[in-house]
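Okay, structure first, notes after.
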Amino acid sequence: MISKERVHAALTHREPDRIPIDFGSTAVTGIHVSCVAALWAHFGLERQPVKVHEPYQMLGMVEDDLKQVLGLDVDGVFPRKTIFGFPNEKWKPWRTPQGLEVLVSEYFRITTDAKGDTMIYPEGDQAAPASGRMPQDGYFFDTIIRQDPIDEDHLNPRDNLEEFGPISNEDLEHLRRSMAALQGGDRSVIANFGGTAFGDIALVPAPFLKYPKGIRDISEWYISTRTRREYIHQIFTTQCDYAIANLEKIHAVVGNKVDAVFTCGTDFGTQSSSFCSVDTFRELYYPYYRRVNDWIHRHTSWKTFKHSCGSVVKFIPSMIEAGFDILNPVQCTATGMEAEKLKAEFGEHLVFWGGGIDTQKILPFGTPKQVRTQVLERCKVFSKKGGFVFNSIHNIQARTPVENIVAMFEAVKEFNGQN
Amino acid sequence: MSKELYDAILAGDMKGAVAATEKALSEKVDPLELVQKYMVVAMDEVGRRFECEEYFVPEMLISARAMKASLALVRPQLTASGAQPAGRVVIGTVKGDLHDIGKNIVASMLEGGGFEVFDLGADVTPERFVNAVSEKQPHLVCLSALLTVTMLSMKTIIEALQQAGVRPQVKVLIGGAPITQQFADQIGADGYGENAASAVTLARRMMHAN
């Protein structure tokens, strides 16, 4: 099988010749830039600075040579602009706080504050207030909350809709070019179009906007899901209308060459609980997921990809009913998320894209032997009758030892009978 | 009489909590009684409902907001009367980590549990924790981290407290998504709280152990 066939088999719950692997095709299945650099060095690939394709989490671009060495099966198509609202183009060098030379977009414009923190600006516009901050010795940015005082009597849902609207011709052209660049390749394609996440808490503060209005404070947003539900419904309804109109235009450009679409990254789980009840999920989110997924399934061959960290086991039946085909990152270390249980209960209906190795404990702090043991266990459980794309539980974090990352890939190859 | 305060906090009704507090204070209700019999009991019930998944993060946030608005009215009178808190706590998210929602909820729940809380914010250096312990003389130091790359600095903070000679006078409690009891034992912390409700239970247990 070529990669595309392998992933397709997994996504349609047929056992492929071997477990397909993804790293780097989305902003939740990636590798920190420092770890990509370490992998390059480990495999003796041509030494040049790694590109930071996702500046918020500082994810390194996993380029073709590394994909070949690691045996990766998936390519990603990304939106034209990053989470900080600038395009990834005209690469320039930048030295991280740890002294690693990387490449970033020309529009990755930063300043250093009095404390030594790195501040980044929306659309690269340093005249606007900074929208992201990386602590002095940090490895990632975090969003800066820019929240005007809330005037309860004059809240207008349109203020929270500034980032949503008809897709531009420029964005469509970018997607067309990105797909064209992958033409003739063997790998499967997952596309990150944007606009279909409802209430993703990473996006609520709008680090891509220069002067965000509406409800942009994270706590205030969570409060609003309880106290201003009609306001949220009005946002989601209009957002959903735009999303479906945009998907129609996007489909006309990219067609069915896309195998899966990253649909939504809204987190519903915490380590041991959840952010809301199943009733709230069904009342506040489900209708919009259902509309988007139904449109996709009626008009395309794309599979829909739902990311949610944490303990989400109680939401899974509703996610399946809403039309999600793929769950990520499959946080098996969270309460009630044991691999065997998930596979037995939901494996016929849901593809697990992730869950391959714990990134909170084993991968960063364990031994290569512990990594191997867990990877082999997870592959055994999740790979039966297809329905599994190997990925770690969320991005590989900075400071993860390269020996452990290598041990992870070797264990998958061992399970696949490639050693 | 102040059942209204209890109900308002439980429902996350900030205006109702403020009105009930003002009414109770105007009727000369003992401020300590207001805190202990209604506010703490209401926040304990919020914690219980969170533990059994009747309440979630949004409900905790609105109840905490109502409680804080009430406490702001009661506190001056409490201070004037010389009433002692359940304990003093210094809390912060560790250096390099800007995630503070979990820490804020824990701080609120501790405050609602009758503790006096000194919140140092996020990205807090070991030196600032040491200085806060010297200045505020807390019983408990609570450390929060969300990231695997920052959780290790909890160990550095405990070492800094040791070096400054103040470690024996405080109990160090830790929490955050990647934290486990095993990690707490490994770095020499005194306790680990899985969530905000269990943090309050743990804090009370530590106070009794003092």
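The values are calculated or read from the model by the stated rules, or taken from the named source; none is laboratory data. These figures come from a predicted structure and were not determined experimentally. For neighbour counting, all protein chains shown are included, and Cβ atoms are generated from backbone atoms with ideal geometry for every residue, glycine included.
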Criterion violated by A:P364 - all others in (1) assigned to a helix (DSSP H, G or I); (2) within 21 Å of A:P20 (Cβ to Cβ) satisfied: (2)
Unique residue being surrounded by 15 or more Cβ atoms within 10 Å (Cβ to Cβ) and assigned to a loop (DSSP other than H, G, I, E, B) when the list is B:V35, B:V29, B:V40: B:V29
Subset of region B:150-186 [over 17 Å from B:V133 (Cβ atoms), in a helix (DSSP H, G or I) and either more than 10 Å from chain A (Cβ to nearest Cβ) or polar (S, T, N, Q) (or both)]: B:Q181, B:Q182, B:A184, B:D185, B:Q186
Breaking point among (1) under 24 Å from A:H32 (Cβ atoms); (2) buried (at least 22 other Cβ atoms within 10 Å of the Cβ); (3) touching a residue at least 60 places away in the same chain (Cβ under 8 Å), for A:R378: (3)
Selected residue (only one of A:A202, A:A197 is surrounded by fewer than 19 Cβ atoms within 10 Å (Cβ to Cβ), assigned to a loop (DSSP other than H, G, I, E, B), of a type outside the set (V, I, T) and under 21 Å from the mean Cα position of the chain (by Cα)): A:A202
Count of region B:71-99 residues which are under 14 Å from the mean Cα position of the chain (by Cα) and within 14 Å of chain A (Cβ to nearest Cβ): 2
Qualifying positions in region B:100-119 - away from every other protein chain (no Cβ under 14 Å) and over 14 Å from B:A199 (Cβ atoms): B:E116, B:F118
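May I ask you to list the residues in region A:367-406 that are part of a helix (DSSP H, G or I), farther than 17 Å from A:F23 by Cβ and not hydrophobic (A, V, I, L, M, F, W, C)?
Of everything in region A:367-406, those that are part of a helix (DSSP H, G or I), farther than 17 Å from A:F23 by Cβ and not hydrophobic (A, V, I, L, M, F, W, C) turn out to be A:P368, A:K369, A:Q370, A:R372, A:T373, A:E377, A:K380.
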A:I357 touching a residue at least 40 places away in the same chain (Cβ under 8 Å) and under 23 Å from A:Y139 (Cα atoms): yes
Matching residues, region A:209-245, being among the polar types (S, T, N, Q) and in contact (Cβ under 8 Å) with a residue 12 or more places away in the chain: A:T225, A:Q234, A:T237, A:T238, A:Q239
Pairs with Cβ under 9 Å, 6+ apart, first in region A:37-48 and surrounded by 14 or more Cβ atoms within 10 Å (Cβ to Cβ), second in a loop (DSSP other than H, G, I, E, B) and of a type in the set (V, I, T): A:A38/A:T400; A:L39/A:V62
Candidates B:G96, B:G188, B:G92, filtered to the one that is within 27 Å of B:I9 (Cβ to Cβ) and of a type outside the set (A, V, I, L, M, F, W, C): B:G92
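Just give me the residues in region A:205-224 being assigned to a loop (DSSP other than H, G, I, E, B) and either touching a Gly at 6+ places or on another chain (Cβ under 9 Å) or of a type outside the set (F, W, Y) (or both), in sequence order. Lay out the reasoning, then the answer.
Step one: of region A:205-224, the residues assigned to a loop (DSSP other than H, G, I, E, B) are A:205-217.
Across region A:205-224, the qualifying residues are A:P205, A:A206, A:P207, A:F208, A:L209, A:K210, A:P212, A:K213, A:G214, A:I215, A:R216, A:D217.
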Residue check, A:I120 of a type in the set (A, V, I, L, M, F, W, C) and under 17 Å from A:K213 (Cα atoms): no
Residues located in region B:134-149, provided they are away from every other protein chain (no Cβ under 14 Å) and under 25 Å from B:T180 (Cβ atoms): B:P138, B:H139, B:L140, B:V141, B:C142, B:L143
Among the residues listed as B:K68, B:K23, B:K15, B:K28, the single one being farther than 19 Å from A:S273 by Cα, within 14 Å of another protein chain (Cβ to nearest Cβ), free of Cβ contacts under 8 Å to residues at least 24 places away in the same chain and basic (K, R): B:K15
The one condition in (1) polar (S, T, N, Q); (2) under 30 Å from A:Q360 (Cα atoms); (3) surrounded by fewer than 17 Cβ atoms within 10 Å (Cβ to Cβ) that B:Q137 fails to fulfil: (2)
Within region A:174-208, tally of residues that are among the small types (G, A, S) and free of Cβ contacts under 8 Å to residues at least 12 places away in the same chain: 3
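Going through A:F262, A:F275 one at a time, which residue ends up being within 14 Å of chain B (Cβ to nearest Cβ) and among the hydrophobic types (A, V, I, L, M, F, W, C)?
A:F275 is the lone residue from the list that is within 14 Å of chain B (Cβ to nearest Cβ) and among the hydrophobic types (A, V, I, L, M, F, W, C).
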Any hit, region A:265-275, residues being modelled with pLDDT of 95 or more and more than 21 Å from B:F50 (Cβ to Cβ): yes
Residue selected from region B:187-210 under the condition touching a Lys or Arg at 6+ places or on another chain (Cβ under 8 Å) and part of a helix (DSSP H, G or I), by the criterion farthest from the other protein chains (Cβ to nearest Cβ): B:A209
Candidate set: region A:337-360, residues that are within 14 Å of another protein chain (Cβ to nearest Cβ) and β-branched (V, I, T); chosen: the one nearest to the chain's Cα centre (by Cα): A:T359
Residue within region A:205-221 that is more than 18 Å from A:Y288 (Cα to Cα), within 14 Å of chain B (Cβ to nearest Cβ) and of a type in the set (A, V, I, L, M) present: yes
Residue within region B:95-116 that is of a type in the set (A, V, I, L, M), modelled with pLDDT of 95 or more, buried (at least 21 other Cβ atoms within 10 Å of the Cβ) and not in a helix (DSSP H, G or I) present: no
Scope region A:361-381; condition away from chain B (no Cβ under 14 Å) and not aliphatic (A, V, I, L, M); matching residues: A:T367, A:P368, A:K369, A:R372, A:T373, A:Q374, A:E377, A:R378, A:C379, A:K380
